[in-house]
1. Quickly run through the stretch 128-152 and pick out the residues that are assigned to a strand (DSSP E or B) and closer than 25 Å to residue 89 by Cβ.
2. If you take the residues of the stretch 301-321 that are closer than 20 Å to residue 260 by Cβ and touching a strand residue (DSSP E or B) at 6+ places or on another chain (Cβ under 7 Å), which of them is modelled with the lowest pLDDT?
3. Go through the stretch 328-345 and report how many residues are assigned to a strand (DSSP E or B) and farther than 20 Å from residue 286 by Cβ.
4. All but one of (1) over 27 Å from the mean Cα position of the chain (by Cα); (2) assigned to a strand (DSSP E or B); (3) farther than 18 Å from residue 380 by Cα hold for residue 264; state the number of the condition that does not hold.
5. Among the residues of the stretch 354-383 satisfying the criterion of being modelled with pLDDT under 90 and part of a loop (DSSP other than H, G, I, E, B), which is nearest to the chain's Cα centre (by Cα)?
6. Does the stretch 338-360 include one or more residues that are out of contact with any strand residue (DSSP E or B) (no Cβ under 6 Å at 6 or more places or on another chain), within 24 Å of residue 261 (Cβ to Cβ), in contact (Cβ under 8 Å) with a residue 40 or more places away in the chain and surrounded by fewer than 20 Cβ atoms within 10 Å (Cβ to Cβ)?
7. Give the number of residues within the stretch 70-88 that are part of a helix (DSSP H, G or I) and over 16 Å from the mean Cα position of the chain (by Cα).
8. Pull up the stretch 153-177, narrow it to residues that are closer than 21 Å to residue 48 by Cα and in a strand (DSSP E or B), then point me to the one that is modelled with the lowest pLDDT.
């Protein structure tokens, strides 16, 4: 009986050892499969992350550079492209015209991080589709057609997810070391790895949201003064038209040009000119209400959009305050003072029932009449 029990005990122990060995081998292969699936998932995450980022970034950059491509403002185009590529996730940016001639191209050196522009203005073969994305294990490339009613060019954006790639590689190394130490600890570590991976995705999504806000700032605000630019101004005029049609209230578009700015710019240089423009922007913002909009649409041209309290020429109070503030001398670091004035053209909706673009044009025409007269502070456009 004891022999049978001992024999049975040996058989049971051998079976246990054999079963444990099979479990260990099975756990090993399951872990290898889990690591392989993890690598595939990480690759999908990287590609999905880069493709999502490429959509947001390319659309934002396209909005920012569209006007520069149309007007062939190469200096401004290069400045915007350089500002966009300062994001460490972007590897290269190329902008072409509709014929495939490169208008601007910048690449980041992968070792030094230095940004290198290319000035060859070569002609390249354009992709056959308007919008395409290709990804590999290292980078994602997006081609986007630039349109302004008609095609005006192409944007090529190449990005790489440096942060999440490095983190995922570190995590994979930790998992392999844990596997060699103990299979049980490895299984626990896989759960921790997945948790940390999702945490990294959350961090990357937060970074993408921050980049989207930065690109929106570039697309809709003037880079020098921080004021809304022409695109954002037109959108707000469109909203003001809808509000006026509902409420029956007037609103006023005031187009302003600085008198004497050109002589300051020519005499003291562009740096002093920029200082003057920034100071003018500050004074203009201090002169209007929170409900009003002030925008810089280029050079020394500014636009007011006055929404409330403009019935029966109530806007004159605002314009008097603006003129008083702008006419004050502007002190320079050299100790000298400079002074500028304003020529203002005005159009009122719904007396002038025009589109946002035409409202700006009409106010611009009135401004030129005010500048010609050299007597009137402002001229009101008459349809």
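The values are calculated or read from the model by the stated rules, or taken from the named source; none is laboratory data. Owing to the predicted nature of the structure, the values given are computational and were not obtained by experimental measurement. Virtual Cβ from ideal backbone geometry, glycine too; neighbours counted across all protein chains shown.
1. Selection gives 131, 132, 133, 134, 135, 140, 141, 142, 143, 144, 145, 146.
2. The qualifying residue modelled with the lowest pLDDT is 319.
3. Going through the stretch 328-345 one residue at a time, the tally reaches 2.
4. Status for residue 264: all satisfied but (2).
5. Across the stretch 354-383, the extreme among qualifying residues is 381.
6. yes
7. 4
8. Ranking the candidates gives 159 first.
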